[in-house]
Amino acid sequence: MAFATINGIQLYYEVHGEGPPLLLITGFNAEANQWQHQIRTLKKHFHVICLDNRGIGKSDKPPGPYNTELMANDCAALLTHLDIGKTHVCGYSLGGRIAQYLAINHADRIDKLVLASTSIRSYALSRYILTMLIEMIRQGLPNHFRIKAMLPWFYSPAFFNDERKVDYFCHFLGHQNLPNAAALTAQLAAVNSHNPGERLRTIQHQTLITSSAEDLLCPQEYVDELHRFIPHARRIIMPKGGHAYIHEYADDFNAILLAFLNEPEKTHDQ
């Protein structure tokens, strides 16, 4: 368990394994431990850093609203704290939006960039679902009920054919610290206000954009838009899995991630 004073707040972070550094930035209402299905594989190849973003888990929950530029600055400052000059970065969902601004504003800190289940901006259904999640927390609904109510928005229909898998993920997700409604409202402001637009065209890193064909919270048209804005980006659409396909089909996602991070560097004219 490690903490760093970053931009005036305490951020919780973890490090795993040895090798080239790799920063994992998680999504809305998600703690560092939600990367555990990736860490068990990636730590064999990389020095993996993950954190609880401001507003969640063991990190401080200062008053909001937050924005993705601010949260990207948190990540850059954590790299400085850890004396890491340059790192691969993988951001999931809200973490992918944070990673976009990390690449825009701190380009020299990034080697390769992976953007998973993320987009250039928010849209109405995702705002609705995340707002309902916060309202359930505010109303004091039991943790297990809230998790079960949210699962269909994050996992594919096929996921529910395996009751043991559903029970496992309910248990897995239930191990988070109890979320704070005010802090999640501040995180939701970061989700809703994100729209870097033309600034994305400045990203020159070797970039992989991954998404799932069954993602309800980040539809393909929004991922397509992100892809059009980032020069030299590669796109992989997984044929199955919902928004949380990095959990639902972790082995498939890990294989894609490792192949991209381990391939030789390419110049843009290759």
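Selection of first residues in region 191-216 that are at negative phi and at pLDDT below 95 and of second residues that are surrounded by fewer than 22 Cβ atoms within 10 Å (Cβ to Cβ) and of a type in the set (Val, Ile, Thr), restricted to Cβ pairs under 6 Å at least 6 apart or on distinct chains, gives the following pairs, ordered by first then second residue: ALA213/ILE237. Consider LEU257 carefully, then state whether it is over 20 Å from VAL114 (Cα atoms), surrounded by 19 or more Cβ atoms within 10 Å (Cβ to Cβ) and touching a residue at least 12 places away in the same chain (Cβ under 8 Å). No, not satisfied.
On the given criteria, is ILE129 out of contact with any His (no Cβ under 8 Å at 6 or more places or on another chain), crowded, with 22+ Cβ neighbours inside 10 Å and within 25 Å of LEU151 (Cα to Cα)? Spelling it out, it is not the case that ILE129 is out of contact with any His (no Cβ under 8 Å at 6 or more places or on another chain), crowded, with 22+ Cβ neighbours inside 10 Å and within 25 Å of LEU151 (Cα to Cα). For region 121-142, the count of residues that are in a strand (DSSP E or B) and modelled with pLDDT of 95 or more is zero.
Identify, please: which residue in region 1-35 is under 13 Å from the mean Cα position of the chain (by Cα) and of a type in the set (S, T, N, Q) and is, among those, nearest to ARG97 (Cα to Cα)? Once the filter is applied, the top-ranked residue is THR26. ASN73 meets each of the listed conditions (1) in a loop (DSSP other than H, G, I, E, B); (2) touching a residue at least 60 places away in the same chain (Cβ under 8 Å) apart from (1). With respect to the conditions (1) assigned to a loop (DSSP other than H, G, I, E, B); (2) touching a strand residue (DSSP E or B) at 6+ places or on another chain (Cβ under 8 Å), GLN204 falls short on a single one, namely (2).
The values are calculated or read from the model by the stated rules, or taken from the named source; none is laboratory data. What you see is a predicted model, and the numbers here were worked out from it, not measured in a lab. Here Cβ is always computed from backbone atoms with ideal geometry, including for glycine, and neighbour counts include all displayed protein chains.
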